[in-house]
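*Asks:* Got a structure for you, questions after.
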Amino acid sequence: MSNRTKAYNREKNIITFVELGLTGVYFYFLLAWGGASFVANMVRSWTAQPLLQFLLFSLIVGGIFSVVSFPLSVYSEFILEHKYGLSRQTLWQWLWDKTKGLFVSSVISLPILLAFYYLLKTTPDWWWLWLGILLALVTVVLAQIAPVLIFPLFYKFKPLENQALVNRLQQLLNRYGFQLEGLYQFDMSSKTVKANAAFTGMGKTRRIILGDTLLEKFSEDEIEFVIAHEVGHFVHRHLLKGIAINLASIFIGLYLVHLAYQYVLLHAGISDMLQLEYLPYLGLFLFLFSLVVMPLTNGVSRRFEFQADAFAVRAVSNPQAAISTLEKLAEINLTDPNPNPLIEFFFHSHPSISRRVQAIQKIIGGSHNAVATA
Ligand SMILES: [Zn+2]
């Protein structure tokens, strides 16, 4: 591993911990230092209308956090990526992407916020169940519309141009009955030198998208492995299993948050579930729950990745291409092939490249000397 890769990953890890710390400190500021009470009183002095109070409170509390954490995102998403020669965006292009992202997340979260208010008001014992159902529906709808409505806001998509490659990939997909709406390429190179491909969408929008950077830098054998890996996820029904796990964690999480919140309110002698200064407790409990669940869902995801690799190595015409693909991806994306095992356990949805290469070598029985173990 190059020193550049080492330094890049060290900085990325530090940023992850700073982000977590900042979130913790912000909750402390809101709940222990009286930040939430201050905002709540201010909002109450502006209007007596409860819904408006709730919306203003949410906007200010969320807004302050966005402002406070903005320098960190400038650093991690723009400065750091330039420092290591990964980003191709100007500051204005990056800011424009951020603006579009803010717009998309506002459009999605405003109706959820309104539903949350209505549910806490009308069904204080069961709001978590109804909110869980709503979030499940939103997740499914978003998965369907994202490839056609959201991704095009950030990238230009067109059907995969290389016809020989299309035919080859189509044969692979047909062999396993993997039906897609299409194979697309997108202008990933307009923003970054990194390479990637993904399987996205649901139902009628189900498609595979390939970054032009991937098409440019990888051989057809290697691209076949990338797609075969996605077919592996399909054959093992990882998408369905992943959704089931997510739904379970949404419902369990919201229920536990509900119990903890009720305890806090009872302790404080408050009967109104929508008492503004206590609402950040819901965010705090959700944050703590996600910290506990993250290593579990990441563990499942890493298992799925090994299974998809194992499937792909056996499905492709050139299994050696699996190893060169992973090594090349790590090199281009500056991925640490041997991350700290604890960091991998908690934060990584994919196994380390060196472990993936080892598992693949075991299957093909080759004696390839992985750079990853160096
Ligand atoms: Zn995968």
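No value in this document is a laboratory result; all are computed from the given coordinates. Just so it is clear, the model here is predicted, and its values are computed rather than measured. Virtual Cβ from ideal backbone geometry, glycine too; neighbours counted across all protein chains shown.
*Asks:* Is there a quick way to get the dipole size of the range 1-123? I mean about its Cα centre, with the Cβ of Lys and Arg at +1 and of Asp and Glu at -1; what is the value in debye to the nearest 20?
*Replies:* 180 debye
*Asks:* So what's the Cα pair-distance distribution over the range 26-134, bin width 5 Å, in %?
*Replies:* 2, 10, 14, 15, 17, 16, 11, 8, 5, 2, 0
*Asks:* Just the Cα atoms of the range 62-118: what Rg and Dmax do they give in Å?
*Replies:* For the range 62-118, the Cα radius of gyration and maximum Cα-Cα distance read 14.5, 48 Å.
*Asks:* In debye, nearest 20: dipole of the range 281-342 around its Cα centre with unit charges on the Cβ of K, R (+) and D, E (-)?
*Replies:* Result for the range 281-342 is approximately 200 debye, rounded to the nearest 20.
*Asks:* Sticking with this structure for a sec: Identify, among L129, G201, S324, the residue whose Cα sits farthest towards the positive end of the charge dipole of the chain, taking +1 on the Cβ of Lys and Arg and -1 on the Cβ of Asp and Glu, with the dipole about the Cα centre.
*Replies:* S324
*Asks:* Let me ask something else about it. If the chain between V166 and L137 were fully stretched, how many nm would it gain, using 0.36 nm times the residue separation less the Cα-Cα distance?
*Replies:* Full extension of this stretch gives 7.1 nm more.
*Asks:* I would also like to ask the following. Could you rank the peptides 184-193, 139-148 by their average count of other C-beta atoms within 10 Å per residue, with the highest value first?
*Replies:* Ranked from most to least packed, the peptides come out as 184-193, 139-148.
*Asks:* Using +1 on the beta carbon of Lys and Arg, -1 on that of Asp and Glu, and nothing else charged, what's the dipole of the chain about the Cα centre, debye to 20?
*Replies:* 280 debye
*Asks:* A follow-up question, please. Over 23 Å, how big is the tail of the calculated P(r) for the range 155-300, in percent of all Cα pairs?
*Replies:* 55 percent
*Asks:* Here's something else I'd like to know. Which of H238, H267, H350, H229 has the fewest other C-beta atoms within 10 Å, and how do the rest follow up to the most?
*Replies:* Ranking H238, H267, H350, H229 by Cβ neighbours within 10 Å, fewest first, gives H267, H350, H238, H229.
*Asks:* Report, in deg cm²/dmol and to the nearest 500, the calculated mean residue ellipticity at 222 nm for the chain, where each DSSP H run with n ≥ 4 adds -39500 (n - 2.57) and the sum is divided by the residue count.
*Replies:* About -23000 deg cm²/dmol.
*Asks:* W126 versus L240, label points 7 Å from Cα toward the beta carbon: distance in nm?
*Replies:* With each label placed 7 Å out from Cα toward Cβ, I get 2.9 nm.
*Asks:* I would also like to ask the following. How would you rank F287, F234, going from fewest to most other Cβ atoms within 10 Å of each one's own Cβ?
*Replies:* F287, F234
*Asks:* Right, another one. Set the Förster distance to 56 Å, then compute FRET efficiency between S2 and V264 from the Cβ-Cβ distance, nearest 0.05.
*Replies:* Working from the Cβ atoms, E equals 0.70.
*Asks:* In whole Å and largest first, what semi-axes does the C-alpha gyration tensor of the chain yield when each eigenvalue is scaled by 5 and square-rooted?
*Replies:* Output for the chain: semi-axes of 41, 23, 21 Å.
*Asks:* Take the Cα pairs of the range 228-374, get the Kirkwood Rh, then feed it into Stokes-Einstein at 10 °C and 1.306 mPa s and tell me D in µm²/s.
*Replies:* 88 µm²/s
*Asks:* What list of ³J(HN,Hα) values in whole Hz, one per residue of the range 203-215 in order, does the Karplus curve 6.51 cos²θ - 1.76 cosθ + 1.60 (θ = phi - 60°) give from phi, with Gly and Pro shown as x?
*Replies:* Result, rounded to whole Hz: x, 6, 9, 5, 8, 10, 10, 10, x, 4, 5, 5, 4.
*Asks:* Could you tell me which of L265, L276, V235 has its Cα farthest along the dipole of the range 211-343 towards the positive end, charges placed at Cβ (Lys, Arg +1; Asp, Glu -1), taken about the Cα centre?
*Replies:* L265
*Asks:* Given the options A308, G177, M1, identify the residue whose Cα lies farthest towards the positive end of the charge dipole of the chain (+1 on Cβ of Lys, Arg; -1 on Cβ of Asp, Glu).
*Replies:* Toward the positive end, the furthest listed residue is G177.
*Asks:* Just flag the trypsin sites (Lys or Arg not before Pro) in the range 207-271 sitting in loop per DSSP whose Cβ has no more than 16 other Cβ atoms within 10 Å.
*Replies:* Qualifying residues, ordered by number: R237.
*Asks:* If packing is taken as the mean number of other Cβ atoms within 10 Å per residue, what is the order of 176-183, 329-336, highest first?
*Replies:* 329-336, 176-183
*Asks:* Follow-up question, since we're still on this one. How far is it, in nm, from the label point at I15 to the one at L91 when both lie 7 Å from their Cα along the line to the Cβ?
*Replies:* 1.7 nm
*Asks:* Quick one: the Cα spread of the range 28-71 along its three principal axes, in angstroms, biggest first?
*Replies:* Here the spans come out as 34, 21, 12 Å, largest first.
*Asks:* Counting only DSSP beta bridges with both residues in the chain, tell me the antiparallel percent, nearest 5.
*Replies:* Just about 60 percent of them are antiparallel.
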